[in-house]
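Right, one structure below, let's go through it.
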Amino acid sequence: MLKPKLLFLAPQNPYPPNDGGKLSIYFPVKYLRNHFEVHFVTPVSRIDDKVSNAVSHFRELGVKYHPVVKDTNDKVSDLIGNVFKRVPFKWLKYYSDDIYKLCEELVLKEDIKYIFTSAPHMALYSVKLKELIPRLKIFLREHNIEFSLVEQFVNTTKNPIYKAIGIWQLSKAKSLEQEYWELFDKVFFISDYDYEMAKRLRPDLATKFSVLYDGFEVGRICETREFKGTFIIPSNIRAQQNHVNLRWFIREIWIPSLHYIKQNNFVLSITSGSQREWEKILGIHNLEQYNVRFLGFVEDINDELCRHKYVISPTVMGSGLRIKILQSMAAGKVVLATGYDVKTTKVFKDMYNIVEFNSSDEFVKKVRTIEQQLALYETVRKNALKTIREHFNWSYYAQVIFENFERKYS
């Protein structure tokens with residue numbers, strides 16, 4: 001039996017899947033090909049060996065990958081030109097006539113029925129294609145409610161120029177993102193928090209909204225060896241929200257807990273940037289005096305996670321479910337996360353499969369408790385792994401999308 005054809009649109013080449021943004025594109029493509037003949041389109045800065053390897057890799061999976069050259073880096077000229085555009089600057093930079101032309105040709109030539117769009121950044125292609133070909137059914141996946149990130153940026157930045165630009169872009173994003181919700185046939189949110197927010201904003205569209213958690217492949221599960229006093233924050237130095245989150249954690253949680261930390265020889269590792277880069281961003285110098293070390297770029301993040309006893313997700317800014325949490329739980333790690341993270345999904349339960357903290361006192365109290373009770377540590381890590389297996393499954397993810405498309409519209 002022939003599989004239905006699906007056009008999958010994403011804002012970046014996800015191969016190799018070595019960070020959160022890539023993981024949430026790569027695995028849906030990988031699993032959706034079990035139900036669909038997938039045509040996969042992304043912008044790329046240039047066609048190089050990495051892109052060629054990605055094309056070959058997806059071909060081996062049975063996926064037809066069509067990368068198109070489009071520079072998506074921020075440019076001052078594009079920001080200035082955005083004055084007269086409806087689409088926010090951060091989204092419009094992903095649009096090109098070449099990509100649209102390719103998508104149109106694929107839809108017509110291959111008789112594609114469905115389009116899955118992995119972020120609002122790529123939504124304009126789907127909307128324009130549906131205007132041209134009304135029979136198309138288009139789905140949108142919201143990794144985050146994008147305008148909420150802009151809103152958080154506006155509230156946290158102290159630079160008056162950045163704040164003014166943020167307010168300007170926020171008005172565009174908030175209006176257009178909700179317009180996209182109207183135009184798409186279905187919108188999937190990856191967290192309960194974003195789903196509830198969307199329903200409050202647009203109760204008239206609630207029947208279009210669903211929660212669909214990202215999955216996670218359970219691969220290597222870390223051994224249960226004792227790692228004395230080792231904490232890690234998997235981070236991405238290029239993401240603005242990570243700057244805010246890490247600055248908050250160091251200033252409000254780690255340093256105020258320093259007496260307990262020094263007493264127990266605890267060490268915090270941070271990935272992605274160098275010590276000099278992070279100290280400049282955080283505005284704190286000589287961080288080694290606070291038992292903080294920097295790992296730089298990590299080739300195998302799963303291997304690095306296994307070297308540490310605890311994983312920390314210090315989210316106070318952002319939206320959606322943290323891939324770093326799912327990856328750590330899938331590796332059998334104990335994750336300490338803020339209430340901001342814990343409330344994203346109903347299946348996270350404090351001191352059952354995750355450890356919640358919101359202040360330095362709470363951080364110290366819960367770390368002390370779990371350090372003193374080895375059985376509790378083991379219970380939390382086993383429950384974390386069980387939670388991933390039961391609730392965050394890519395096969396289920398792909399099946400839900402297939403059933404929504406094929407059963408509803410066939």
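Here are the numbers:
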| quantity | calculated |
| --- | --- |
| Index of the failed condition, Gly219 passing every other in (1) within 22 Å of the chain's Cα centre (by Cα); (2) surrounded by 15 or more Cβ atoms within 10 Å (Cβ to Cβ) | (2) |
| Residue list for region 355-373, filter: touching a residue at least 24 places away in the same chain (Cβ under 8 Å) and either part of a helix (DSSP H, G or I) or not assigned by TED's automatic domain parsing to the domain that holds Ser257 (or both) | Ser360, Phe363, Val364, Lys366, Val367, Arg368, Ile370, Glu371 |
| Residue that is surrounded by the most Cβ atoms within 10 Å (Cβ to Cβ), among those in region 365-403 that are of a type outside the set (A, V, I, L, M, F, W, C) and in contact with a Phe, Trp or Tyr (Cβ under 7 Å, 6 or more places away or on another chain) | Tyr397 |
| Test: residue in region 168-189 that is farther than 30 Å from Phe40 by Cα and modelled with pLDDT under 80 | yes |
| Residue match in region 304-313 (condition: assigned by TED's automatic domain parsing to the domain that holds Glu356, more than 26 Å from Ser24 (Cα to Cα) and at pLDDT 95 or above) | no |
| Options Tyr352, Tyr290, Tyr340, Tyr310: the member that is out of contact with any Ser or Thr (no Cβ under 6 Å at 6 or more places or on another chain), aromatic (Phe, Trp, Tyr) and without any contact (Cβ under 8 Å) to a residue 40 or more places away in the chain | Tyr352 |
| Residues of region 88-116 satisfying the condition of being outside any helix (DSSP H, G or I) and at pLDDT below 75 | Pro88 |
| Given (1) crowded, with 18+ Cβ neighbours inside 10 Å; (2) more than 27 Å from Ser118 (Cα to Cα); (3) aliphatic (A, V, I, L, M), number of the condition Leu326 does not satisfy | (2) |
| Strands (runs of 3 or more DSSP E) lying entirely in region 263-351 (those with 1 or more residues that are hydroxyl-bearing (Ser, Thr, Tyr)) | 267-271, 310-313 |
| Which listed residue is modelled with pLDDT of 95 or more, over 15 Å from the mean Cα position of the chain (by Cα), farther than 15 Å from Pro256 by Cβ and of a type in the set (D, E, K, R), from Lys349, Lys343, Lys365, Lys333 | Lys349 |
| Meets criteria (in a loop (DSSP other than H, G, I, E, B) and closer than 23 Å to Phe357 by Cα) for Asn245 | no |
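For every residue, the table says whether it meets (1) of a type outside the set (A, V, I, L, M); (2) surrounded by 16 or more Cβ atoms within 10 Å (Cβ to Cβ).
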{"position": "Gly229", "(1), (2)": "yes, yes"}
{"position": "Gln241", "(1), (2)": "yes, yes"}
{"position": "Arg247", "(1), (2)": "yes, yes"}
{"position": "Ile253", "(1), (2)": "no, yes"}
{"position": "Leu268", "(1), (2)": "no, yes"}
{"position": "Thr271", "(1), (2)": "yes, yes"}
{"position": "Arg276", "(1), (2)": "yes, no"}
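Conditions tested, residue by residue: (1) in contact with a helix residue (DSSP H, G or I) (Cβ under 6 Å, 6 or more places away or on another chain); (2) assigned by TED's automatic domain parsing to the domain that holds Leu326; (3) free of Cβ contacts under 8 Å to residues at least 12 places away in the same chain; (4) part of a loop (DSSP other than H, G, I, E, B).
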| position | (1), (2), (3), (4) |
| --- | --- |
| Trp181 | yes, no, no, no |
| Phe188 | no, no, no, no |
| Tyr193 | no, no, no, no |
| Glu196 | no, no, yes, no |
| Lys199 | yes, no, yes, no |
| Ala206 | yes, no, yes, no |
| Ile221 | no, no, no, yes |
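The values are calculated or read from the model by the stated rules, or taken from the named source; none is laboratory data. Source: prediction; values computed, not measured. As a convention, Cβ positions derive from the backbone with ideal geometry for all residues, glycine included, and neighbour counts pool all protein chains shown.
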